[in-house]
1. Two-decimal Rg/Rh of the range B:1-54 from alpha-carbon positions, Kirkwood Rh?
2. Percent of alpha carbon pairs in the range B:64-118 separated by more than 18 Å?
3. When the helix-only estimate is applied to chain B (DSSP H runs of n ≥ 4, each -39,500 (n - 2.57), divided by the residue count), what is the mean residue ellipticity at 222 nm, nearest 500 deg cm²/dmol?
4. Relative contact order for the range B:233-300: what is it in percent, counting Cα pairs under 8 Å that are at least 6 residues apart?
5. With a ≥ b ≥ c the root eigenvalues of the C-alpha gyration tensor of the range A:1-127, is it rounded (a/c under 1.5), prolate (a/b larger than b/c) or oblate?
6. Starting from the Cα of residue B:132, step 7 Å toward the Cβ, then list every residue of the range B:259-274 with an amide N under 13 Å from that point.
7. Determine, for B:34, B:196, the number of other Cβ atoms within 10 Å of each Cβ, and report the residues in order from fewest to most.
8. If I build a Gaussian network model for chain A, linking alpha-carbon pairs within less than 10 angstrom, which residue out of A:26, A:246, A:171 has the largest mean-square fluctuation?
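Laboratory data are not the source of any read-out in this text; all were calculated from the coordinates shown. Worth saying up front: this structure is predicted, and the values here are computed from it rather than measured. We place every Cβ from the backbone using ideal geometry, glycine too, and count neighbours over all the protein chains shown.
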């Protein structure tokens, strides 16, 4: 089990690796992150975008543009469609967005005829977070995509996070279903759904992990808090995975950690036919790099 | 305008100050925090609880129990009722709980006949947070009491926070209505209510502050994020007050800051006839002390 984002690199296979397809990767952050991934020797990159801009930015940042395969397509909308098509035709293993609106990127992914949705799957998002004040990585969902997940969608979120944990060599991750409180309260849907998902795991309906909830964030990640509140649970104080009730809670958590606690992260859309890197515009280059590495590890 | 919790002390009036009534203050954290407040010379304390235990714990921690007035009442339930009665009879200015279940404390406060509810007021909670990674104090609501505030309750939450800001000598606080995104989205109630509350402020219906929203947490507290996302707003990047959509989001934010970013705080129930200190069992003594000082400042 790895406990730092930097250890993701050790998990990459050597030799000819996965091919990343980047839509509109014309900006320094994306080019820097992708170049660093290519230099591991385990990831190849195909850039679909403005060829002149890509070459210029790369050269300005002391990166040899020849390390990338480039498919010239200066129009942003056409570039992202082309990138998705290349992945659909299995000429690439996974996707990333560069300087492109998230809405445009998601529209291309979600397109029913020409997109990357896996049939019948829930579209969600998985973030792996490293913060100095927790001894291991936290895998969390959903901080970016699904506004009001219902019970079935929460189960899908758990499964995506568990799959990610297994990929990080954590065979039996501890999943905390986060609510504002630990006691089940009929007025708080978060506590009801957390209880139901926990019981589903107990019945063997969600394999490969240990699930408990409802519990507030402090109980999930702090043993002393769990003891003070008298919560006895194999998950409390030692969570690997945090499932939030809705996007409001997940987003508040995620922004708190990145802006107030200097967290680093790797983030991907989940539920698509291939991994699709999705970081925020404000995320540092380091987080984009880790996202590219995590995508390569999750790509089939 | 003060920017650190330690500056709260400078706002206290000298001379015979407010009288705090503590229910069941038998534990070292409460006794330590209250003693420190009494030693400022501006707060008096009346302890309703187990007299022997209070004297023993105080002495063990080198605190002279004679600095407290003590009303002996070893039974916890009777002690909290007695403490509330003393405040109702105006023999005390505000309330605090010691080693007592929050549910028991709230029950005594909420009691229709003998409690401390102000008629027609929304019961909520205000937390003042200090974190090293933000240059000023953040006043937030609701992280502890109100599960699913509706529009009217959100307006009440704003007003409680604004009143607190004024008390901290911030005459025109900037209020951010937090949602997961900045664009109004009919599927996200958080964004609709944020937009409505902002407009109400524009129409002069919520005086004494500047309100804007919806905006995600990063835009509220980080100028660069606001610029990247193109959000032009007098509040963005400079918020004093954060209003969360619901308890799930508020609680996730609050626990993230206290557990991952080492935040300190002062916290009170709002909407009661007098300030009622309400901190978490796990909060450090320092936070209890600041809560006692803030309560004295807000007490009429």
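1. Working: Rg = 12.6 Å, Rh = 12.2 Å.
In the range B:1-54, Rg relative to Rh is 1.04.
2. On the way: 457 of 1485 pairs.
Of the Cα pairs, 31 percent sit more than 18 Å apart.
3. Numbers: 11 runs with 117 residues, N = 300.
When only DSSP H runs of four or more count, the value is -11500 deg cm²/dmol.
4. Details: 47 pairs, mean separation 16.1, N = 68.
Averaging sequence separation for qualifying contacts and normalising by length gives 24 percent for the range B:233-300.
5. Numbers: a/c = 1.73, a/b = 1.09, b/c = 1.59.
Verdict is oblate for the range A:1-127.
6. B:260-264
7. Numbers: B:34 28, B:196 16.
Ordered by Cβ neighbours within 10 Å, fewest first: B:196, B:34.
8. Residue with maximal mean-square fluctuation among A:26, A:246, A:171: A:171.
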